[in-house]
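The values are calculated or read from the model by the stated rules, or taken from the named source; none is laboratory data. Just so we're clear, the structure is a prediction, and the values are computed from it rather than from any experiment. Quick reminder, even Gly has a Cβ in these numbers, built from the backbone with ideal geometry, and neighbours come from all protein chains shown. Note: areas computed on protein heavy atoms with side chains; ligands, DNA, RNA excluded. Shrake-Rupley method; radii C 1.70, N 1.55, O 1.52, S 1.80 Å.
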Amino acid sequence: MRTQTMQPRPRQAKDAISSYRTGSWAWLLHRITGLLILAYLYFHLIALSSAVWLGGMAAFNRTVASLTTPPFIFADLALFAVILYHALNGIRLMMFDVGWFINRQKVVFWIMMAIGAIILALSSAAMLPLAFR
Amino acid sequence: MSRYRSGLWPWLLQRVSALLLLFFIVAHLWIEHFMHLGAPITFHSVAVRLLHWTYAGIDYGLLVVVVYHGLNGLRSIILDAALTPRQVRAVTGGLWILGVVTVIFGINVLSPFLWGRPWFIV
Ligand code: HEM
């Protein structure tokens, strides 16, 4: 006979949904950015390979030339911001996993975002001149 | 929470791959992009750079680690839904196949530059 006390509650679809109600925007954004970067990985591999596989060296050069025009330089910076968020928030999550700053989660979040803003500003300063030359 | 559903090893390896990714992504972006910022990118310039093992090494390392981390992350998201053990096994198996295919595909993205042919075996 099964005992009720030791039985874990069966998983239900609403468990997944209820976790969105924790108000954890940082977590939700971590998930969305992770999926965005995964989607970008496939775009990256397919865009780079299809040109050279289907059209050879000249086609590769044409593809790269069009990928380094201003709209794509802005897109690169946006992608960089997405990766920065995921990486810095990921570091923050792993610090909590090993017990660091457990009681300072919000402060650490904003410190990480400040670091991210500085890195993004510096890389924009390096990259944007390429869009306007 | 998702981390406890995915299993101890996937949970741990997600952290290990995250730390490796920090290294590989910083190396990939810094050494391969920012150090040559503004220099024109052509088939020829990429092929010449790839002659140095650091470039191919960083790219292949990044490929394997990012595919594991990304698909393992996707698995823990999928496992937030109510799945039977059988469905969980199907998801895990399906993602492993997708991952292996992606890595083989990704290795061959560099093949034309390294060997002058689209696939490194043929
Ligand atoms: C740059 C370094 C990165 C770090 C430090 C990092 C860190 C992390 C950590 C610690 C987690 C686990 C979160 C949790 O279980 O609560 C995670 C989840 C995830 N990561 Fe990353 N990551 C990085 C890069 C990437 C990249 C490049 C991708 C895409 C290919 C990616 C996709 C994902 C996905 C899809 C998840 C699952 C999200 C979820 O369960 O809600 N990550 N990351």
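Observations on the model:
- Taking B:Arg15, B:Arg75, B:Arg89 in turn, the Gaussian network model of chain B (Cα-Cα springs below 10 Å) assigns the largest fluctuation to B:Arg89.
- Alpha carbon centroid spacing (whole Å) that separates the stretch A:79-125 from the stretch B:63-98: 26
- Interface burial for A against B (accessible surface, 1.4 Å probe, total of both chains, Å², rounded to 100): 3000
- Interface burial in the stretch A:106-133 reaches 10 Å² or more for A:Ser123, A:Ala126, A:Met127, A:Leu130, A:Arg133, comparing the full protein assembly with the chain by itself; accessible area from heavy atoms with a 1.4 Å probe.
- Candidates B:Leu74, B:Leu63, B:Leu21: whichever shows maximal mean-square fluctuation once chain B is modelled as a Gaussian network with Cα springs under 10 Å: B:Leu74
- Accessible surface, per residue, of the protein assembly as shown when the full set of protein chains is kept, probe 1.4 Å, Å²: 62
- Using just its DSSP H runs of length 4 or more, each adding -39500 (n - 2.57), chain B gives a mean residue ellipticity at 222 nm of -25000 deg cm²/dmol after division by all residues.
- Average partner coverage of B:29-42, which counts Cβ from other chains inside 10 Å: 3
- Here the stretch B:21-93 exposes an accessible surface that is 76 percent carbon and sulfur, computed with a 1.4 Å probe and the other protein chains kept in place.
- Candidates B:Phe34, B:Phe23, B:Phe105: whichever shows maximal mean-square fluctuation once chain B is modelled as a Gaussian network with Cα springs under 10 Å: B:Phe34
- Solvent-accessible area lost in complex, 20 Å² minimum, residues of the stretch A:25-44 relative to chain alone, 1.4 Å: A:Arg31, A:Leu35, A:Leu38, A:Leu41, A:Tyr42
- Karplus (6.51, -1.76, 1.60) ³J(HN,Hα), θ = phi - 60°, over the stretch B:64-77, in Hz, Gly and Pro reported as x: 5, 5, 5, 5, 4, 4, x, 6, 5, x, 4, 4, 5, 5
- When the Cα gyration tensor is reduced to axis lengths a ≥ b ≥ c, the ratio a/c is 1.5 or higher for the protein assembly as shown, and with a/b not above b/c it is classed as oblate.
- Farthest toward the positive end of the dipole of the stretch B:8-115, out of B:Phe23, B:Thr54, B:Asn72, is the Cα of B:Asn72, where the dipole comes from beta carbon charges about the Cα centre.
- The contact residues of the stretch A:56-72, meaning those that lose at least 50 Å² of 1.4 Å-probe accessible area when all protein chains sit together rather than their chain alone, are A:Phe60.
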